[in-house]
Amino acid sequence: MFVARERELADLESCYRQPTFQMVVLYGRRRVGKTALLEEFARGKRALMFTAQQQGERDNLRDFSRGMYAFFNMPTSLPAFESWLDAFEFLAQKAAREKTLIVFDEFPYAAKATPQLPSALQIAIDRWFSKTQSMIVLCGSNQGFMEDEVLGEKSPLYGRRTAQMKLKPFDYYDAARMMPSSSAVERIVYYASLGGTPYYLSALRSSESYVQNVARLFFDRTGLMFDEPGMLMRQELREPSMYHSVLRALAHGANRSNEIADRTGIPSSSITMYLKTLADLDVIERLVPFGEPEKSKRSLYRIKDPAFAFWFHFVAPFVPAIESGLGEQAAVRLLEGPQLSEYVGRLFERACLEWLVRESRRLPIEPTRFGSWWGTDPRTRAQDDIDVIAADDIDKRAIIGECKWRTSFDESATLEKLEGRTALVPGYREYWRFLFTKAPVSEATRSKGAIEPHVRFVTADDLFA
C-alpha cells in the first residue's frame, strides 16, 4: 500500500517536467520506502528501472545490459556490454529519441564492485546525457557512500546533480495513514513502537490487537523486528556490539555523552565518535534546549527512530527469553504494564511537536522555529522542562505546550504551572498555552479555558483531525 510522500512526488515531477537533462540523487535508510516512491513516480512514464545487487562488476553489468535490451524490445540474448561507459553511451543514444526516466537503484552496490563507475557515469553525462531531456535517478541506502562518493566534492559526479532528496521516515500523521482502522490512541502507541518506517508499518495486521502485533513482530525469533536493529548495524558499522551498548544506554535514560560513556565503559575521548556515527545514520539525534546555541553544553542525545527506541528499551533485555520461546509471555507482561504508558508518553511529546509543525499555518502564531526546553528554573533553582515550543521570532509570539498521556491528572494545576513556565522562554510579547492530552479535559477545565483566549486544548483525536 503506497501512502503519503506527496511532497516528494511533486518534487520529482517538477524535475521530470524540465526540458533539460536532470540527475536526481535520492537516498535514505533501508526500509524507508525509496524504491516504492520511485515505482510510484515511474507510473505512466517511459522508465527503465535497474536495481544493482551485491555482486561482481561483470554480473551487475550483465544484468544492466539485459534490462536495457528488454526495455528497448531487443533480444536479451545479445552479449553484455564490455564496460559501463559503453552501456551508458548506448542508453544515451536511445534516450535522445524520446524522454526517458532512468532509475539506478542501490547504486552503491554497483559502485563498490566497480570503483570507476562514478567516473564512467560522469563522462557519459558530460558527453551524451546532457544533450538529452532524460532524467537519471541515483538511489541508495548507504547514506555515507551517497553523501561522500556521489554528492561529495571529491566525487567525479560532483556538480552534475540537479536535485537531491534524503528520504526520511513518516511523521506520526503519515504513519497513521497505514493503519486507517485504528483509533487515535492506538495510532500513537503504534507510532511509539514502530515509528514511521513504511516497511515496518506494512507488517501490521488489522485483525490483531496491538499486543498480538507487537509480540509477533518483536518478541518472536522469526519476527520481522526481532533482529532488525542488529541487522542494520551489522551492515553499516564495523563494531556493532559497541553501538549496541550505546543505544541500550540511551534507551534506559543515559542521554548525556558522559553518562553514556560511564554506562558503556567506552572512554570519554571515543564516545563522541560513536554518537556522531549513529547520528549520521539517523538512528539518534542530538538536541539542545530551545533558545540555546548549537554548541550548548546542556545538549542531550536520544534515539531518533521510535522502532529502535522501543527495541532497545523493551526487547533487548529479553533476547535470551525470546530465543528460548518465552517471548510472548514477556510481551504480554511488558505491554500491559505501566512501563509502556510511560514510554509512549515520551513519544507523544514528539507527535505533538510534529503536529505543531504540520499545523503551523493554522496556529494563532506563525512559527519560525520549534523545540523543547529543559534546565534549571532560575526562580526556584529546581529542574524543569517545557515539552513543546513553537515560536515566531519575527512578531515575538510563542506557544508553550504540556503533553499529558495519563488518563487523569490535575488539569487546573497543570495549566497554572504552564503559565509560570512562560518565564523560562523570555523575549516574547505574547504567549499561548497548549495542553495536549490523551483524552478530552473535563468540562470545567474547558470552560475555564474558554474564558482565557490564549489557552488551547488538543486531544489525541485532534492530532489526526
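Some observations on this one:
- For the range 69-161, dividing the convex hull volume of the Cα atoms by the residue count gives 99 Å³ per residue.
- Our summary gives the range 87-179 a relative contact order of 32 percent, counting only alpha carbon pairs under 8 angstrom and 6 or more residues apart.
- Rolling a 1.4 Å probe across the protein heavy atoms gives the range 1-102 an accessible surface of 51 Å² per residue.
- Temperature 4 °C, viscosity 1.567 mPa s: under these conditions the Stokes-Einstein estimate for the range 410-455, based on its Kirkwood radius over C-alpha pairs, is 113 µm² per second.
- By accessible area with a 1.4 Å probe, ligands and nucleic acids excluded, highest first: order of Lys396, Lys295, Lys34: Lys295, Lys396, Lys34
- Debye equation applied to the C-alpha atoms of the range 313-417, log10 I(q)/I(0) at 0.17, 0.21, 0.23 Å⁻¹: -0.92, -1.13, -1.23
- In this Cβ point-charge picture (+1 for Lys and Arg, -1 for Asp and Glu), the range 230-304 has a dipole of about 120 debye about its Cα centre.
- Using a probe of 1.4 Å, the accessible surface attributed to His252 totals some 80 Å² when neighbouring protein chains are kept in position.
- Convex hull volume of the range 194-263 per residue (C-alpha atoms, cubic angstrom): 117 Å³
- Cα gyration tensor category, rounded, prolate or oblate, for the range 237-365 with a/c compared to 1.5: oblate
- Taking one quarter of the surface of the convex hull spanned by the alpha-carbon atoms of the range 1-52 gives a direction-averaged projected area of 4.4 nm².
- Whole-number percent relative contact order across the chain, with pairs defined as alpha carbons under 8 Å at least 6 apart: 12 percent
- Whole-angstrom gap from the range 427-465 to the range 252-270, using each part's C-alpha centre: 38 Å
- Extension gain, Ile394 to Asp220, is 57.4 nm, computed as 0.36 nm per intervening residue step minus the present C-alpha separation.
- Between the range 45-77 and the range 271-340, the Cα center-to-center distance that results, in Å: 41 Å
- Rounded, prolate or oblate (a/c below 1.5 giving rounded, otherwise prolate when a/b exceeds b/c) for the range 347-465 by Cα gyration tensor: rounded
- Heavy-atom accessible area order for Glu8, Glu239, largest first, 1.4 Å probe: Glu239, Glu8
- Counting DSSP beta bridges with both ends in the range 392-438, the antiparallel % (nearest 5): 10 percent
- Cα gyration tensor shape for the range 97-218, rounded if a/c is under 1.5, else prolate or oblate: prolate
- Chain lengthening between Arg97 and Arg238 when straightened (0.36 nm per residue, less Cα-Cα): 46.1 nm
- The chain: antiparallel DSSP beta bridges as a percent of all, rounded to 5: 35 percent
- When you restrict to C-alpha pairs under 8 Å that are six or more residues apart and normalise by the size of the range 138-210, the relative contact order lands at 24 percent.
- Pairwise inverse Cα distances across the range 1-154, averaged and inverted, put the Kirkwood hydrodynamic radius at 15.9 Å.
- Residue among Trp374, Phe348, Tyr172 farthest towards the positive dipole end of the chain, charges placed on Cβ: Tyr172
- With only Cα atoms counted, the range 235-302 has Rg and Dmax values of 11.7, 37 Å.
- Computing P(r) over Cα pairs in 20 Å bins from 0, in percent for the structure here picks out one of (1) 23, 52, 23, 2; (2) 25, 58, 16, 0; (3) 21, 48, 27, 4, namely (3).
- Magnitude of the charge dipole for the range 301-357, about its Cα centre and with charges confined to Cβ atoms of Lys, Arg (+1) and Asp, Glu (-1), is about 180 debye.
- Ranking of Arg5, Arg66, Arg361, Arg160 by solvent-accessible surface, largest first: Arg361, Arg66, Arg160, Arg5 (1.4 Å probe, protein heavy atoms only, all chains present).
- Our helix-only sum for the chain, with -39,500 (n - 2.57) per DSSP H run of n ≥ 4 divided by its residues, gives a mean residue ellipticity at 222 nm of -12500 deg cm²/dmol.
The values are calculated or read from the model by the stated rules, or taken from the named source; none is laboratory data. In this text, all values refer to a predicted model and were calculated from it rather than measured experimentally. All Cβ positions, glycine included, derive from the backbone under ideal geometry; neighbour counts span all protein chains shown. Side chains included, ligands, DNA and RNA excluded: accessible areas come from the protein's heavy atoms. Shrake-Rupley method; radii C 1.70, N 1.55, O 1.52, S 1.80 Å.
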